[in-house]
Every structure is written in C-alpha cells, then in structure tokens.
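The values are calculated or read from the model by the stated rules, or taken from the named source; none is laboratory data. Quick caveat: nothing in here was measured; it's all calculated off a predicted structure. Quick reminder, even Gly has a Cβ in these numbers, built from the backbone with ideal geometry, and neighbours come from all protein chains shown. In case anyone asks, the SASA skips ligands and DNA or RNA and just uses the protein heavy atoms, side chains included. Shrake-Rupley method; radii C 1.70, N 1.55, O 1.52, S 1.80 Å.
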Amino acid sequence: MNSSALSAAAEIGQNPPLVEKNVAPAQDEEMAPPECTEPADCYLSDMMQQLTSVNAAMPSKKDVILQEQAEDPACNPIFWISKWMDYSAKYGLGYQLCDNSVGVLFNDSTRLILYNDGVSLQYIEGNNTESHHNMRSYPSSLTKKVTLLKFFRNYMNEHLLKAGATITPREGDKNARIPFLRTWFCTRRAIVLHLSNGTLQVNFSQDHTKIILCPLMAAVSYIDEKQNFHTYKLSLIEEFGCSKDLARRLRYARSIVEKLQKLKSGARHKKATA
C-alpha cells in the first residue's frame, strides 16, 4: 500500500463519523460511453408535471381523506438509497442502494460503483465515459478511490441502519443498469439525492422521514417516523387525498425539482437554502 492510500485509510479509520497497493491495469477493461436510455433531464420535467398536478389538487384539504385508497405496493421503487455517508469535506458522498450495491460520488464528479456481487466495479469519468473492472484487477490510478469505497462500505455496513430494510423492491428488468447518484445537495431541511434512473429521494433531517419519488411509476413512497413504508400513486392521492404531513412533503419536493432543473448533471455537493 503506497503512502497516499495509507493516508486515506488512516484518515477515514480515525474519523469515520464525519459524515495504496499498486494494482496492474485490468486486462479486461472496457471503455464505453454511457447508453442513453434516459432523457437528458432524467425525467425531471415529468416529475415536475406530476407534482404540480397533485399539489394543485390540494389533497390534504379533501372533505374526506381516504389515503389508504391511494396506496399501491405494486409501484414500490426498484432502487432507493438505503444508507449514505457525507465525507464531502474531503472526498465525496458514499451511499448504499437497497440491493446492497455501493457507490461514491467523488468531489471531482467521478463515480465508482461496487455491484452487489462484491466484485464488479464500474467507474464513470466526469465526462460520463464508463469503464468496467473488478476488485481483483483495476488500474493503479483507481487505487485510492477503491480504498475509499471500501471504507465507505465497511463503515456503512457496521454503523448505519438500512432504510426500508423490510420492504421488497419492485422487480425490475434483470438486465437493467444499476442507477448511480446523479447529483445531490443539502438544504436546511433535508438531503436531496437524485439517481440516474430518475428516482428522487428526499431525506428529512429533523424527523428522519423520507420520500422516494418515481416519475416512471408516477408514485411516491413515504417512510414515516416509525420507519413504516407506504407507496402511493400520485393520481390516486389527487382523487382520495392524503395527510397534511405527506402533502407538505410533496409541496417541498416540487421546490426541490425546480432546484434540480437548474443544476448541471453530475454537479457535486452544493449547499442550498430551501
């Protein structure tokens, strides 16, 4: 392990709550531009339309609120962020998806993803060029980032609870790409996490509630203070109404989408004031 990796490892080992052995280049390395399967804005315009519509219906002011009628577990998201760790003061933000894959969005706008097999690696450059490696064989230029990813993974596994641990994700296409963290930022009220498949997650800091918005299913999942997980169709919320708590979060989500539409794809950590 060279001196820079030792330094990175020691630093995280001593300060984990703040949230290099040389390896030969991989022989099976693949370099390719990303497959353009999502719109350029990652469905933000669709989400804006959906949230504008549901908020205009003023669902918390219905004469009779029948929120349970709006529930649809078949619309559960395929992916959400179950753990995260902010070390952006030095390196970036680490996160774990609900399928146990782990990623880091580094401060230089590169991304490193470890699949849930614990072996396969995907590296995404700042210009979105992708390369594929594995934990046994990767370029020496990635040594420090792989070291950091391992420490993010180990710390999250040992110290953080998994959001939505009891929920079975909606089954997706087995050949579908694992989404990566497109961008994120903090506000006074929450941390906002936007995945490349369009999923928007807002984790509220005061009460630890979370909403997960899926524009493809036009649905919202709500994890309440007791970690209960419920998924609702937005169109059914318009029809049957919802609680004031959820309505307030949906209004806030619309303001977040407005902010995201102003950010460039791949933007690193930003502070917001909402």
In the full protein assembly as shown, how much of Cys98 is accessible to a 1.4 Å probe, in Å² to the nearest 10? 20 Å²
For the range 72-130 and the range 188-211, write down the distance between their C-alpha centroids in whole Å. 15 Å
Other residues with Cβ under 13 Å from the Cβ of Asp245 give, with Lys and Arg +1 and Asp and Glu -1, a net charge of +3
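Around Gln96, what is the net charge, scoring Lys/Arg as +1 and Asp/Glu as -1 over all other residues with Cβ under 11 Å from its Cβ?
+2
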If you take every residue apart from Leu193 with its C-beta less than 12 Å away from the C-beta of Leu193, what net charge results, scoring Lys and Arg +1 and Asp and Glu -1? +2
Is the shape of the range 107-177 rounded, prolate or oblate, going by the alpha carbon gyration tensor and its root eigenvalues a ≥ b ≥ c, with a/c under 1.5 for rounded and a/b larger than b/c for prolate? oblate
Computed label-point distance, nm, for sites Asp117 and Gln69 using a 7 Å Cα→Cβ extension: 4.8 nm
Tell me, what is the per residue accessible area of the range 79-232 in Å², probe radius 1.4 Å? 39 Å²
